Amino acid sequence: MYKVEFVELDTKKPFIEFMATLEKNEVAKIFASIDKFVELKNANLPVGENLSKKLDDGIFEIRVSLPNKIVRNLYYYVSGQKIIITHGFVKKSQKTPSSEIAKAKELRRQYNERMSYE
């Protein structure tokens, strides 16, 4: 079964900190999208690009459209069925910024080192 974890480095919790900047209804929709994604993965059903897309070097995004903004939550896999969400951001351009992908890679490196993941 797929399980979700959020990157936590000492006092830094990038995803939780991002969620704290949003309205309650936006947070609810984001968590509903994450739940839907996990349900599809656990049911071995295809996940469409409208919900998740591969970006680069093992980094993926969960895509959420809100009424007045587009949110992306970047993640990667550990040990096959563990989904680690690094952080989220409000998308302001057509393409996912390379700086956000680089941030996800760095958070992955730090978190994997801390948790002794390969």
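Nothing in this text is a laboratory measurement; each read-out follows from the coordinates by a stated rule. This is a predicted model, so every value here is computed, not measured. Note that each Cβ is placed from the backbone with ideal geometry, even for glycine, and that neighbours are counted across all protein chains shown.
Observations on the model:
- The stretch 1-46 and the stretch 55-118 have their alpha-carbon centroids 11 Å apart.
- Sequence of 21, 96 once ranked by neighbouring C-beta atoms within 10 Å, starting from the fewest: 21, 96
- The three principal axes of the Cα atoms in the chain give end-to-end lengths of 39, 33, 26 Å, sorted in falling order.
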